[in-house]
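The values are calculated or read from the model by the stated rules, or taken from the named source; none is laboratory data. Here the structure is a predicted model, which means the values were calculated and not measured. Here Cβ is always computed from backbone atoms with ideal geometry, including for glycine, and neighbour counts include all displayed protein chains.
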Amino acid sequence: MIRACAVADLAEGEALRLDGPAPIAVFHTEDGFFAVDDTCTHQDASLADGWLEGCFVECPLHAAQFDLRTGAPTCLPAKDPVRTHRVVVAEGVVYVDAPVPAVP
């Protein structure tokens, strides 16, 4: 599990990017917290920089939209889903269940 942030540090309607070998975007929606791979599957753009509406994020580059619950694209130009990650909130902290990179 990767510590993303304190619940209080990510306001509803906001997102943050966790850097790493495969960056992850964490979103706080009215339905809770969601995490997906941060890079749009259509072109190299950060989904954390996109527009959030409900449980959907719109890529800032070409307006591809993804369902944060499933990772599925909901409109073109994206055709491939983004990988989703399980989110756990415990004791006021948001964690993402994602592989932790090995320390060299």
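Looking only at the range 46-79, count how many residues are aliphatic (A, V, I, L, M) and part of a strand (DSSP E or B).
Selection size over the range 46-79: 2.
Yes or no, residue by residue, for (1) modelled with pLDDT of 95 or more; (2) β-branched (V, I, T); (3) out of contact with any Asp or Glu (no Cβ under 7 Å at 6 or more places or on another chain):
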site	(1), (2), (3)
A15	yes, no, yes
G20	no, no, yes
I24	yes, yes, no
F33	yes, no, yes
D49	yes, no, yes
P60	yes, no, no
R69	yes, no, yes
K79	yes, no, yes
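How many residues are crowded, with 17+ Cβ neighbours inside 10 Å and either in contact (Cβ under 8 Å) with a residue 60 or more places away in the chain or within 12 Å of the chain's Cα centre (by Cα) (or both) if we restrict to the range 47-72?
Looking only at that region, the number is 12.
Which pairs have Cβ atoms under 9 Å, sit 6 or more apart or on different chains, and link a residue in the range 1-13 that is at pLDDT below 95 to one that is assigned to a loop (DSSP other than H, G, I, E, B)?
That search, which allows pairs on different chains as well, returns M1/A98; M1/V100; I2/G20; I2/A98; I2/P99; I2/V100.
Since Q43 meets every condition but one in (1) at pLDDT below 95; (2) part of a helix (DSSP H, G or I), which condition does it not meet?
Exception for Q43: condition (2).
Residue by residue through the range 17-46, note down the ones that are hydrophobic (A, V, I, L, M, F, W, C) and either under 8 Å from the mean Cα position of the chain (by Cα) or at positive phi (or both).
Narrowing the range 17-46 to residues hydrophobic (A, V, I, L, M, F, W, C): 18, 22, 24-27, 33-36, 40, 45.
Matches in the range 17-46: I24, A25, V26, F27, F34, A35, V36.
Please work out if V89 is assigned to a strand (DSSP E or B), modelled with pLDDT of 95 or more and surrounded by fewer than 14 Cβ atoms within 10 Å (Cβ to Cβ).
The answer is yes for V89.
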